[in-house]
């Protein structure tokens, strides 16, 4: 137990005991009452109790990051309703069989298949723990993703997702910078690869 917490607890207990103790009974043997001008104050106890709550401050919610299964609580394959319930995406911007949604506060988007759930999610460097994403350099990408293979014709590189055999990462590079970064569900029906 924290030493300062112990001291505060002991002080509070002593203060409470002082406040709840019974004062001594007055001495009823006196036969005369002194005048108010010469009266002495009766015995009184003034106790001040200072209470301090020592708690661990509540940590702010963890910032979501992109990983092999999704972005925070937004996971590949989850239904449209489940994805909306995460509060990480906005309403549909377009689409019928697959709908396009903003990923809240990121500038990136996700596609959600009505039949197969979350199909893909774009991500920026600020959404990742390793600094890889749209805006990062090709050098950073190659340093962090050692399992890159060439992808084509519309993308530069592909990397299998760690510990998730149902997903992969897809990257577009132009002039040494990432212009596209996506986490893709292998079973998705929204995109041509």
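What follows is calculated from the coordinates using simple rules that are stated; it is not laboratory data. Because the structure is predicted, anything quoted here is derived from the model rather than measured. No Cβ is skipped: glycine too gets one built from the backbone with ideal geometry, and neighbour counts run over all protein chains shown.
Brief remarks on what is shown
- Most to least packed among 123-132, 69-78, 91-100, 150-159 [average Cβ atoms within 10 Å]: 69-78, 123-132, 150-159, 91-100
- Once the Cα-Cα distance is subtracted from the 0.36 nm per residue extended length, the residue 63 to residue 114 segment shows a gain of 15.6 nm.
- Pairwise label distance in nanometres, residue 137 with residue 92, each label 7 Å out on the Cα-Cβ vector: 4.3
- The stretch between residue 79 and residue 104 holds 7.3 nm of extra length on full extension. This uses 0.36 nm per residue minus the Cα-Cα distance.
- A straight chain from residue 56 to residue 144 at 0.36 nm per residue would run longer than the Cα-Cα distance by 28.2 nm.
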